[in-house]
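To start, the structure itself, in structure tokens.
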Amino acid sequence: MTNEPRPQSSTQHPGRDAVLDGTALRALAHPLRVRILDELSAYGPLTSSGLSTRIGESSGVMSYHLRQLEKAGLVREDESIGTARERWWERRPGSIAMPEPSEFPAASPERLATQLITDEWMRSREANFREYLADGESVFGPEWLSIATSDTINLRLTPEQLHQLVVDIDTVLWKYLDAYKQTPSTGSRPVQIHLNAFPLVRGETTTADGSTRRPGTRPNQNTQNQNTRTPEQEQPS
């Protein structure tokens, strides 16, 4: 018996995720396949017919793309609930990560695939949040509406400080992933949490006196924080 090589983990989550290799990147580099993977990630096992209803494509098209994702090791059949006439599909367990685009030559198929997949993930996140803003009040009761939130926080941090912040947040997120990802509680619903932590491209480095300055501008020492509640809750001031 031979042991399969362990997928490479990201430096962000060593031992916790698997970085997509070239084969998986090329297989996933299709907007519809990213959508399929997103649906399975968010809502759990689905049939090709179920995916067809959700996404708006034919069951045959869904079956074709599912087979391609299966070949790349991204999805698998859930035999615990499937039948001879109806196959249920699930995303393979475990977190996945994108390779760094800088690892690939500019305009290479892998780099273009990385960009396409990342763009589709961002589009999907925004679509889910906009759907909540538009329809959440008619779907959820106050027990959900009173706790859903979208936060924007602006800080000035060094690379080391930003890294530690992300590590601290990850510690909390993994606690909940370990506790509930495979064993959801009675009464739970699919919940999506978005985390983006990055340096602002048009920002300036803080100087020794604590100020920042562009040529011809005044020193800036202001830091703005914004907590944005959804419209049915609290509007930012």
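The values are calculated or read from the model by the stated rules, or taken from the named source; none is laboratory data. No experiment lies behind these values; they were computed from the predicted model shown. A quick note on method: Cβ atoms are made from the backbone with ideal geometry, for glycine too, and the neighbour counts reach across all protein chains shown. All accessible areas refer to the heavy atoms of the entire protein, side chains included, with ligands and DNA or RNA removed. Shrake-Rupley method; radii C 1.70, N 1.55, O 1.52, S 1.80 Å.
Points to keep in mind about this one:
- Any hit, the range 64-73, residues being touching a residue at least 12 places away in the same chain (Cβ under 8 Å) and outside any helix (DSSP H, G or I): yes
- Selection status of residue 16, basic (Lys, Arg), out of contact with any Phe, Trp or Tyr (no Cβ under 6 Å at 6 or more places or on another chain) and modelled with pLDDT of 95 or more: no
- Qualifying residue in the range 139-161 (condition: of a type outside the set (Lys, Arg), closer than 21 Å to residue 10 by Cα and touching a Pro at 6+ places or on another chain (Cβ under 7 Å)): no
- In the range 80-100, the residue that is modelled with the lowest pLDDT out of those that are part of a loop (DSSP other than H, G, I, E, B) and in contact with a strand residue (DSSP E or B) (Cβ under 8 Å, 6 or more places away or on another chain) is 82.
- Residue in the range 30-39 that is open to solvent by 30 Å² or more (accessible area, probe 1.4 Å), closer than 18 Å to residue 87 by Cα, under 20 Å from the mean Cα position of the chain (by Cα) and not basic (Lys, Arg) present: no
- Which listed residue is in contact with a Gly (Cβ under 9 Å, 6 or more places away or on another chain) and aliphatic (A, V, I, L, M), from 24, 84: 24
- Considering (1) over 12 Å from residue 89 (Cβ atoms); (2) of a type outside the set (A, V, I, L, M, F, W, C); (3) under 22 Å from the mean Cα position of the chain (by Cα), the lone condition that residue 44 does not fulfil carries the number (1).
- Per the listing 111, 76, 91, the residue uniquely within 25 Å of residue 184 (Cα to Cα), free of Cβ contacts under 8 Å to residues at least 40 places away in the same chain, within 23 Å of the chain's Cα centre (by Cα) and open to solvent by 30 Å² or more (accessible area, probe 1.4 Å) is 76.
- Counting the residues of the range 146-199 that are more than 20 Å from residue 129 (Cβ to Cβ), in a loop (DSSP other than H, G, I, E, B), touching a residue at least 12 places away in the same chain (Cβ under 8 Å) and not basic (Lys, Arg) gives 3.
- Residue 6 meets each of the listed conditions (1) more than 19 Å from the chain's Cα centre (by Cα); (2) at pLDDT 95 or above; (3) open to solvent by 40 Å² or more (accessible area, probe 1.4 Å) apart from (2).
- The number of residues in the range 40-58 that are farther than 23 Å from residue 184 by Cα and open to solvent by 40 Å² or more (accessible area, probe 1.4 Å) comes to 5.
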